[in-house]
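Coordinate-derived values only; no laboratory data. What you are looking at is a predicted structure, and each value in this text was computed from that prediction instead of being measured. Backbone-built Cβ (ideal geometry, glycine too); neighbour counts: all protein chains shown.
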Amino acid sequence: MPTGSVIRSQQQHKVFVASSDDSKICVVMVGLPARGKSLIAGKAMRYLGWVGIPARVFNVGSYRRHNTPQPAATFFDPHNEEGERMRRVAAEAAMSDMLKWFQSGKGVVAILDATNSTKERRAWIYEKCRQADIETLFVESICDDEDLIMTNILEVKTTSPDYKGQDPEASAQDFRTRIRNYEKAYETIDDHEKHFTYVKLINVGSTVIINQIKDYLSSRLVYYIQNLHIKPRSIWLSRHGESEFNLTGRIGGDSNISERGERYARALPSLLQKSGVPPNTKSVIWTSTLKRTIQSARHLKAETGYEKLEWKALDELDSGVCDGLTYEQIAEKYPEDFAARDEDKYNYRYRGGESYRDVVIRLEPIIMELERSENVIIVTHQAVLRCIYSYFMNVPQEKSPWMEVPLHTLIKLTPRAYGTEEQRFKADIPAVSTWRGKGTSAKHQEFPKEGEPKEEGGSKEEGGGR
Ligand code: ATP
Ligand code: F6P
């Protein structure tokens, strides 16, 4: 039984809600510093939020920073009594806020991000959660690859608020001493903790040990976490080239691409190269099963290194009885539906069709596969692309269906240690706009440009706290 009872809203949507009789989960991160705990915690929170499960990270480091903003490595020595006391205070404050959050009824999954590196600390967390009827899932990250740890330190630790304004080399040295101090007290999860539900990720998931997973949500989370990797890679997203339906403002269907759409299809191989698709290596292309995406990818040939896969899950949002109509015709024929969609576009389900929420649910296996994969190029549709983009860039549900994703534009997403970097590459080939603003049924409305500069090759970044 998944966490959250399944209720039906007026529009017959299955929605996850937190209620007093639902199981709640505290994911407890475990491991020495610079083992990717915060990265895993941040990604898990983003994934859960995207599938509609209320999740929040409680980072003990940020609580500790209130009183001790820039401690030296000696602060973390287990023999330093004052340091130990202040660290306990920070852990208690995070725990207290977490319990309040659960009590408020808003929370389903909390992620307690700290080293939680002693048996004593874990037993305390387990007991506190047990008393509050909260399940615990311990996630331990173990890594003995010294080069990787050094890279992690240089990549993220020397720029952390703990070392703001300090010399990077001295900061890296201090952080190594901090790790040595933690090692003095660190106890890995062992047989004495067999009653815990836990997963151990050894060397970025090259070995995974799973113990006592009891419920569906935990198993889903564990599956997600074990698929994560940190090899450098990018994901390219493109809508199909302009279609015949796009020209006439009709939605859905399975039309061919237009003459300008074909020009985009021909330009796609060089646009991909320009955006940095590695030459002479195999690149994976995913399309939907609809003609306009397959035609758009047809000039990316196997003999030039492209391997294609068609996914039904990447087909455009099913507009049911409205399939093949223009927005104007929908507003005329189904005025109430048209207004209801504007009111709550994410949850509105077309009669006999889908909502954005439905699309996110069918895209979950795509996201799992994307997390496992390296470079992937996805040629898909407006609504589907909005959903995939929102997962990577953490776009809130209410905003994602209204996002502008222009035709003939390639979006390159590159995961970094604390967020995803985005670059856009525009092909110089005109296309109609298929974006529609709230309250209008205009055929080819332009997205208001103010405050949204999107230059060729322009980049922005989605970040996370640390
Ligand atoms: P701290 O205890 O100081 O908060 P942390 O364990 O939370 O450290 P992060 O801040 O998440 O560490 O470290 C991020 C770095 O770890 C990134 O450079 C990322 O590439 C790397 N990383 C991610 N996952 C793993 C993993 N499973 N093992 C080792 N390194 C990882
Ligand atoms: O107009 C192109 C299109 O891909 C349609 O097939 C689809 O119904 C629509 O975009 C999705 O966008 P919106 O959710 O804004 O109507």
Taking amide hydrogens as modeled 1.01 Å from N in the peptide plane, which residues meet the under 5 Å criterion relative to I378, leaving out close sequence neighbours?
-> W236, L237, S238, W286
Under 5 Å from the placed amide H of V30, counting only residues 5+ away or on other chains, we find V139, E140, S141
Dipole magnitude of the chain about its Cα centre (Cβ charges: Lys, Arg +1; Asp, Glu -1), debye to nearest 20 = 240 debye
Heads up, the stretch 214-297 by the C-alpha gyration tensor (a ≥ b ≥ c square roots of eigenvalues; a/c under 1.5 rounded, else a/b over b/c prolate, else oblate) looks oblate
Report the full-extension gain for the segment Q212 to T118: residue separation times 0.36 nm, less the Cα-Cα distance, to one decimal in nm.
-> 31.8 nm
Could you give the nm distance between label points at K333 and R416, where each point is 7 Å from its Cα heading toward the beta carbon?
-> 4.7 nm
Label-to-label distance, nm, for residues given as Y223 and A185 (7 Å Cα→Cβ offset) | 3.8 nm
Could you estimate the translational diffusion coefficient of the stretch 102-181 from the Stokes-Einstein equation, with Rh from the Kirkwood formula over C-alpha pairs, at 37 °C and 0.692 mPa s, in whole µm²/s?
-> 213 µm²/s
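Report the gain in length on full extension from R266 to A302: 0.36 nm times residue separation, minus Cα-Cα distance, nm rounded to one decimal.
Gain in length upon complete extension: 11.5 nm.
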Cα-based Rg (one decimal) and Dmax (whole number) for the stretch 233-426, in Å?
-> 16.6, 53
For the stretch 223-292, which trypsin sites (Lys or Arg not before Pro) are in a loop by DSSP, counting at most 16 other Cβ atoms within 10 Å?
-> R233, K282
Taking R0 as 45 Å and r as the Cβ-Cβ distance between A73 and K274, the FRET efficiency 1/(1 + (r/R0)^6), rounded to the nearest 0.05, comes to 0.45
So if we plug the beta-carbon distance of E343 and W101 into 1/(1 + (r/R0)^6) with R0 = 30 Å, what FRET efficiency do we get, rounded to 0.05?
-> 0.55
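Are any of the pairs K200/K345; K291/K412; K24/K164; K200/K312; K214/K345; K333/K399 more than 29 Å apart by Cα-Cα distance, and if so, which?
K200/K345; K24/K164; K200/K312; K214/K345
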